[in-house]
1. Place +1 on the Cβ of every Lys and Arg and -1 on the Cβ of every Asp and Glu in segment 244-319, take the dipole about the Cα centre, and give the residue among I289, F308, L251 whose Cα lies farthest towards its positive end.
2. Determine the distance separating the Cα centre of segment 285-355 from the Cα centre of segment 358-416; give it in Å without decimals.
3. Compute the helix-to-body angle for 209-221: its Cα long axis versus the longest principal axis of the chain, expressed 0 to 90° and rounded to tens.
4. Does anything in segment 394-418 have its amide N under 13 Å from the 7 Å Cα→Cβ label point of D385, and if so which residues?
5. Give me S204, S74 ranked fewest to most by other Cβ atoms within 10 Å of their Cβ, as a rough exposure proxy.
6. From zero outward in steps of 10 Å, how is the percent of C-alpha pairs of segment 281-337 spread across the bins?
7. For the Cα atoms of the chain, what angle does the longest principal axis make with the long axis of helix 58-68, in degrees from 0 to 90, nearest 10?
8. At q = 0.18, 0.21 Å⁻¹, what log₁₀ I(q)/I(0) does a Debye calculation on the Cα points of segment 285-422 give, no solvent, two decimals?
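Where a number appears in this text, it was derived from the coordinates with a stated rule and is not lab data. This one's a predicted model, so the numbers in the text were calculated from it and none came from an experiment. When we count neighbours, we look across all protein chains shown, and the Cβ atoms used for this are built from the backbone with ideal geometry, even at glycine.
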Amino acid sequence: MARFLWLAALFAASTVFAYAGSPDAWIAGDRPSAQARQLVQILTNAGELGLRPQDYSAAALAAAAESLQRGAASAELQRFDADLSSAAQRLIHDLHFGRVDPRTAGFELPATRAPFDMNAAVARLARADDLSVALSAVEPPFYHYTLLKTALRRYRHLAEDASLTRLPKPTARSVKPGEPYAGAAALRRLLFELGDLPAAQGDSATLDPALAAALARFQRRHGLTADGTLGQKTFAALTTPLSQRVHQIELTLERWRWLPLFTTPPIIVNIPQFRLFAFHTLDDRAASIMQMDVIVGQTYAHTRTPVFVGDLRTVIFRPYWDVPRSITVKEMLPQIRRNAGYLQRNHLELVEGEGDASPVRAPTPQAIAALEAGRLRLRQRPGEDNALGLVKFMFPNSHNVYMHSTPAHQLFAQARRAFSHGCIRVSEPVKLAEFVLRGAAPVWDEARIKQAMRGADNQRVSLKQPVRVMILYGTVLATEGGPILFFDDLYGLDRQLERLLQTAKPAAPKAHRLGYDRPHS
């Protein structure tokens, strides 16, 4: 009777795959093979990979494997073999491609990936001595993806103790270093478990120096001002359930699985981190990555920095700023009408035509009416106060988003840097220009770049080879040194992806086809 129950459960829960591999791949004699038992265990523990065991009929397969281990009829073994192959395909697919189409989550990536033979992957898995090692070969080969999987296991363990994040709320608006706090012991325990406090020793009921230093480390890891003060934002981060941190890691792992392999060293901007990473090699190790702070788009729907991929082809020194139509109409036209000197004071001019050499028109009432009607455009002349700063990095895209310097250097002192209308402002433009222009002739070194930025003319330089730019969104980063960095869900994209994953059906790729397209969820 037990066998009929698990057969019914498998029939109800499994998605049928067109598996064209060898029959009885998971059978040894008259019972499941050692590899089958390994795979069932991996499916049961799919949560350790950031996946859901129920998507692979793990419970039913585990019951079947246990029942069949005592020997079974051929029909039952064949049914188990087919269902386990189906689950293996779903698992391999989800680890290699992710569970949802990134385009449904607002991530503009190419629709196809490199050729991938699903049948061969399942066959290799069925023959492997160590299935965990074999599965890792189909996952993203990025080192920081592997680090994040390790972080997931650790945080899943921490999340088992829900009491860790239950801290008493401070009676004052904030608790500064040296001041008393009733939850000092609980805070000390939490920061020790998270790795921010080297040792959980001491029984002081205050934010003593060691505890304040640990709190500052926690703040730094969570994108907060690292002042060692227990304020409202810090308290909210400390009391965020660790199960929610687990979800953040799972969502970021999903996004890593969407990424294509790097064919050239890329530039990556992680929006919630306000950070840029420029790769000198294809290896994603910290030693080969140049990093700098960035400013990204504000959180309003129309000013968010989009998530997409482009190719950087041109560097423009002393750029004009072509004021976007929306900013012209909503923000600048009212100022122009109120103040006759607004255009001159802000080095703005009315231009007819699209190119940099287009004729400039005097700001007559007729010209301002033409600007309002869209027949003229507004631009800002190059200079120290230009909104784009002294250099712009162009990677053509439908969003008209690019990277540039900025005259508002003071904004980089803020921990939360969502200030732009969507473009990405870089903190070290000279360093980035030297990076993207490496290999160009004549040589663009620091001195020449600074000279071009201070020169009198607008200057365009084409790159010898395009540089892939990936504007990404991940709210967790596992570092090589050990600390796990968490960032706010700035644009609510984690919540959106979580909804998609909750409603997504287990994927059913066409297993017989090489290089199949990423399926829509």
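1. The Cα lying farthest towards the positive end belongs to F308.
2. 5
3. 90
4. 407-408
5. Details: S204 15, S74 10.
Ordered from fewest to most neighbouring Cβ atoms within 10 Å, S204, S74 come out as S74, S204.
6. 14, 29, 36, 15, 6, 1
7. 20
8. -1.19, -1.49
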